[in-house]
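Heads up: the structure comes next, in structure tokens.
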Amino acid sequence: MPTEPGSVNTLIVYASVKGYTQRMAEAHAEGVSAAGGHPTLKTCEEVSKEDLAACDALILGTPIHMGGMDWRMKRFVDTVCAPLWQKGVMTGKAGGVFASGGGYGDAGGGIELCMLGMFSNLAQLGVVMVPLPPETPGFAHGGTAWGPYVRSQAASKAYLAPDELPLTASRSHGRNIATLAECLRQQRIFAH
Ligand SMILES: Cc1cc2nc3c(=O)[nH]c(=O)nc-3n(C[C@H](O)[C@H](O)[C@H](O)COP(=O)(O)O)c2cc1C
């Protein structure tokens, strides 16, 4: 487990069926690395309670399904996160969320509800949530106040090519979360 300053361990947990959310997870990892942190990428199926205990920051990413999170993310929340509730394992660590959706109708297809749902899950664990400020580079084409959003489908419902995805905001979000995690770890503002 990293303990030296500048090597905070940021755990990025994601679900992805077609690879769009995975690409966002990788962009967050790039941002964590740019901040001098250590990113760990795990799918909802791979991640364990030990991974959560070892991290300094936790980032959750999901595709939007029927206006909410993917069932794999919900299972992870209920089976891996919930047993840690009120144990202080995650309290005072940094965290954030991101999501990908088809976005049919230009209104985000449930994006804000989906991300707020994960916000609530992390708040239950005592995680200090990082928003995505509107001045973040790339926000205009990949941002909500709750976290980065990638729209994977055009108005025709055709899937966009991965290299067309706006991922700048995802890199910034990863960098911000890792940076805050370093500050929180040094300050220990939450007493257990
Ligand atoms: C069962 C199902 C339900 C979906 N529901 C929504 C939805 O409510 N809103 C939306 O914007 N996109 C919806 N989508 C589209 C996906 O969220 C979108 O294609 C996403 O970018 C896929 O991400 P992934 O490649 O990480 O799986 C849905 C897709 C599936 C398979």
Discussion item. Please verify whether Leu41 is closer than 18 Å to Met129 by Cα and either out of contact with any Lys or Arg (no Cβ under 9 Å at 6 or more places or on another chain) or at pLDDT 95 or above (or both), treating the condition exactly as stated.
Written reply: no
Worksheet item: Quick one: which strands (runs of 3 or more DSSP E) sit completely within region 1-109 and have at least 3 residues that are of a type in the set (S, T, N, Q) and within 16 Å of the ligand (Cβ to nearest atom)?
Response: none
Discussion item. Tell me whether region 12-32 contains one or more residues that are aromatic (Phe, Trp, Tyr) and either free of Cβ contacts under 8 Å to residues at least 60 places away in the same chain or touching a His at 6+ places or on another chain (Cβ under 6 Å) (or both).
Written reply: yes
Discussion item. Can you tell me which of (1) within 23 Å of Ser100 (Cβ to Cβ); (2) at pLDDT below 95 is the one Glu4 doesn't meet?
Written reply: (1)
Fill in: Hey, Ala161 surrounded by fewer than 17 Cβ atoms within 10 Å (Cβ to Cβ), closer than 17 Å to Ala25 by Cα and of a type outside the set (Asp, Glu) or not
yes
Worksheet item: Which of the following residues is aliphatic (A, V, I, L, M) and touching a Gly at 6+ places or on another chain (Cβ under 6 Å): Met66, Met73, Met90, Met118?
Response: Met90
Worksheet, complete the sentence: Selection from region 16-39 of residues buried (at least 18 other Cβ atoms within 10 Å of the Cβ) and among the polar types (S, T, N, Q) yields Ser16, Thr21, Gln22
Item to complete: Collect the residues in region 120-140 that are farther than 16 Å from Thr168 by Cβ and surrounded by fewer than 20 Cβ atoms within 10 Å (Cβ to Cβ), keeping them in residue-number order.
Response: Ser120, Ala123, Gln124, Gly126, Met129, Pro131
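The values are calculated or read from the model by the stated rules, or taken from the named source; none is laboratory data. As the structure is a computational prediction, the values presented were derived from the model and not from experiment. Cβ: placed from backbone, ideal geometry, glycine included. Neighbour counts: every protein chain shown.
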